[in-house]
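Written below as structure tokens is the structure these notes are about.
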Amino acid sequence: MAKLTIDTLTKHFGSVVAVDRINIEVEDGEFVCILGPSGCGKSTALRMIAGFEHPTEGDIRIDDSSIVAIPPNKRPTAMVFQKYTLWPHMTVYENIAFGLKLRGTADATVRRTVEEGLELVGLSGYEKRYPSQLSGGQQQRVALARAIVLEPKILLLDEPFSSLDALLRVRLREELKRIQRRLGITTLFVTHDQEEALSLSDRIAVMREGQIEQLADPSTVYARPRSLFVADFIGDMNLFEATTDAEGIRLGSSLLRDSGGVEVDRKVTVAVRPEELVPAATGVPPEETWEIAVEQTMDLGHYLKLLGELTGVGPVKIYLPKSAHANVVKGRVRVTPTRYLIYSNADAPVEVVKRPHVVAR
Amino acid sequence: MALLIVYPAALSVFDTLTATSADGSTRFTLESYVTFFQLPDALPNLWFTLRITVVTVTILFALCFPIAYYLRFSTSQLSVPVRFLALFPMFVPGIVTAFALIRFLGDNGWIENILFSLTGWEGWVSPIAKPQGIVIGLVWEGVPVTVLVLTAGLSQVPNHLIESARDVGANGRQVFFRIIFPQIRRSVMIVLTLNFLGVFGAFTIPLLLGGASPQMYGHYMANRLYGIGQYTHAQTAAVIMFLISAAVGTLYVRSVVNQRMEKGE
């Protein structure tokens, strides 16, 4: 298999910098997601790897040899696009066989490979159908088969499931992961869907305005987002403006005693995941707990989502196990964070883990 | 439509296929066709018309396809003036075009004068009074619609279908012949049939350009009718033109219907 190296890759469109000196190494057999909001440059980066855009600067290497000068039809990459890209005048069989035939593969081998490809994506028996006779999900599966049968060194996927409905998206995501594992193919997947990135990737590169904000495995990106942008973009997060003083961190009338060593008199942002705000035990000093006025309770099946207001600070989200609902009394609940991150400047955040005083869930 | 088109057309066809006997009864006969084709110029003019039509349609396609292709895929600023120039003839009436071409290409026209004043060359032979003159005029007239239809057909092939073909290994030629062309087959068919119908039935340009003989059928028919007053011959010529056009028109209608059905309309 193969290793992909993206080295200070840059793309300018006129005066607009779409991709700004990004570096990613995708190891052999690894599944890496580029995650970011629309317009962050993720698709442009992928298109440069596929050969549809020429980098302004930087290099792309597969197994340490540069592919920048190679036209897209000769690159050892294969791409699955966001839009449906099956050729409408060809059957499913012809679509998948097209690339193989261009390579001069013998007919018998083409037939066998196409059958294997269709079996892999669960569409055996669909050979004679035309794309217009397939659902969106089936079309994207055929597109995946069309890419995979070519045995590319690198598989590129540009939001392939974004036009499908939620349920199908989850199913295809699981299927893709299974296929990728089975084939051990080095994969780069572009998406704006954080859930997709978290569930698929070995590592995630979070992009913003052409740059990579953080490149790490999903649990690190979730637990210790490198920047406020990542903190806000990945998962649900409570962000509170606060200041540090001699006693700790002040959030309105509430206090966090542990300021993680951040200097006093600094403006900081405190980030707390909704599931890391838990009902405070009775013994906790009141000034160290936060009283939340609950405005809305949503039953999300396996947990409760509370939307409320932290007095004098701002809106807050809390995920509670259903068993903890008794802690909400007259629309109010006292909570305390078990863990929080303090962002004080451009550097990485300070993490504070606070275990005592917590009720058992 | 039935009253204004089908009825008079059927009447004409019926007229050419019947004759009134001495006793006043109507009988079926191909007499008018037999006598028509006995005219010394009827068949040569028909071949001439078909030849001019095929040559013009071929040149139009060969000329306009690259223009349409360029307009579809170019991102250059140059495509704006190219588009303007390609569509410009649409806004010029045929009769103006004919006289402009005579002034431009004809004897003592601009080309001849410019060539003479620049090089002193006197060998210019004007194509205007020859069959080539008709072809030049009809090509000029046909460019806008041809470019429009082909550009529309080409824009129905989205970039991502082309990119995905490049991605699996197709080079430029393979992308064109295996991906683009099969998807614009219908537009090509439509443009060929439309141009055939337009050129085959052209009147103004063949009347003003080209020589006195042979004549294209529109011109020939008018001559039979107004020049010599041979009503039956003119009507027979008209029916022949109509049948040939209808046959080609069927191809056009079939292309359009197939396209609609493929799109599921």
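Relative intensity of chain A on a log10 scale, I(q)/I(0) at q = 0.07, 0.11, 0.12 Å⁻¹, equals -0.41, -0.83, -0.93, per a Debye sum over C-alpha point scatterers of equal strength in the absence of solvent. Here the convex hull built on the C-alpha positions of the protein assembly as shown has a volume of 278 cubic angstrom per residue. Which of the residues in the range B:153-175 lose at least 50 Å² of accessible area when you go from the chain alone to all protein chains together (probe 1.4 Å)? At a threshold of 50 Å² (probe 1.4 Å), the residues of the range B:153-175 that become less exposed are B:160, B:161, B:163, B:164, B:166, B:167, B:168.
Whole-Hz Karplus values for the range B:103-108 come out as 5, 7, 9, x, 4, 6 Hz, taken residue by residue from phi with 6.51 cos²θ - 1.76 cosθ + 1.60 and θ = phi - 60°; glycine and proline positions read x.
Centroid-to-centroid, using Cα positions, the range A:251-281 and the range A:50-89 are 46 Å apart.
Applying the Karplus relation 6.51 cos²θ - 1.76 cosθ + 1.60 with θ = phi - 60° to the range A:188-194 yields 3J(HN,Hα) values of 10, 10, 9, 7, 9, 9, 5 Hz, where x marks Gly and Pro. When only alpha carbons are used to place a centre, the range B:107-127 and the range B:1-54 end up 45 Å from one another. Pairs exceeding a 26 Å alpha-carbon distance, out of A:11/A:177; A:177/A:317; A:74/A:101; A:267/A:322: A:11/A:177; A:177/A:317; A:267/A:322. Each 5 Å bin from zero up to the one holding the largest Cα-Cα distance in the range B:86-229 carries the following percent of pairs: 2, 9, 13, 14, 13, 12, 10, 9, 8, 6, 3, 1, 0, 0.
To the nearest Å, what is the center-to-center distance of the range A:207-250 and the range B:177-198, using C-alpha atoms only? First find each Cα centre; the distance between them is then 57 Å.
Database remark: amide H of residue A:226 closer than 5 angstrom to no amide H (H placed geometrically; neighbours at sequence offset of 5 or more, or on other chains; Pro and chain starts carry no H). Positive end of the charge dipole of the range B:39-262 (Lys, Arg +1 and Asp, Glu -1 on Cβ, about the Cα centre): tell me which of B:48, B:196, B:93 has its Cα farthest that way. Checked the options; the winner is B:196.
For chain B, adding -39500 (n - 2.57) for each run of n ≥ 4 DSSP H residues and dividing by the number of residues yields -22000 deg cm²/dmol at 222 nm. A simple count of charges around residue B:17, restricted to other residues whose Cβ falls under 12 Å of its Cβ and scoring Lys, Arg +1 and Asp, Glu -1, yields -1.
For the range A:203-361, the spread of Cα coordinates along the three principal axes comes to 47, 41, 25 Å, biggest extent given first.
Using a Gaussian network model of chain A in which every pair of alpha carbons under 10 angstrom is joined by a spring, one finds that among A:224, A:208, A:111 the greatest mean-square fluctuation is at A:111. Exactly which trypsin sites (Lys or Arg not before Pro) in the range A:270-338 are in a DSSP loop and have at most 15 other Cβ atoms within 10 Å? Those that pass, being in a loop and sparsely packed, are A:330. Among the GluC sites (Glu not before Pro) in the range B:88-180, those placed in a DSSP loop whose Cβ has at most 16 other Cβ atoms within 10 Å are B:122. Taking chain A as a Gaussian network of alpha-carbon nodes connected by springs under 10 Å, the highest mean-square fluctuation of the residues A:254, A:15, A:65 belongs to A:15. Short-range pairs are left out: with C-alpha atoms under 8 Å and at least six residues apart, the relative contact order of chain B is 25 percent.
Neighbours of residue A:260, meaning other residues whose beta-carbon lies under 13 angstrom from its beta-carbon, give a summed charge of +1 when Lys and Arg score +1 and Asp and Glu score -1. Counting only Cβ charges, +1 for Lys and Arg and -1 for Asp and Glu, the dipole size of the range A:97-247 around its Cα centre is about 1160 debye. What the protein assembly as shown shows is 49 Å² of accessible area per residue, with the surface traced by a 1.4 Å probe over protein heavy atoms.
Amide hydrogen proximity for residue A:53: with H placed 1.01 Å from N in the peptide plane, the residues at 5 or more positions away or on another chain lying under 5 Å are A:48. Percent of Cα pairs in chain B per distance bin of 10 Å, from zero to the largest separation: 6, 22, 27, 22, 14, 6, 1, 0.
The values are calculated or read from the model by the stated rules, or taken from the named source; none is laboratory data. Only a predicted model underlies this, so the values are computations on that prediction, with no experimental measurement involved. Every residue, glycine as well, gets a Cβ built from its backbone with ideal geometry; the counts of neighbours run over all protein chains shown. Heads up: the accessible areas ignore ligands, DNA and RNA and are worked out on the full protein's heavy atoms, side chains in. Shrake-Rupley method; radii C 1.70, N 1.55, O 1.52, S 1.80 Å.
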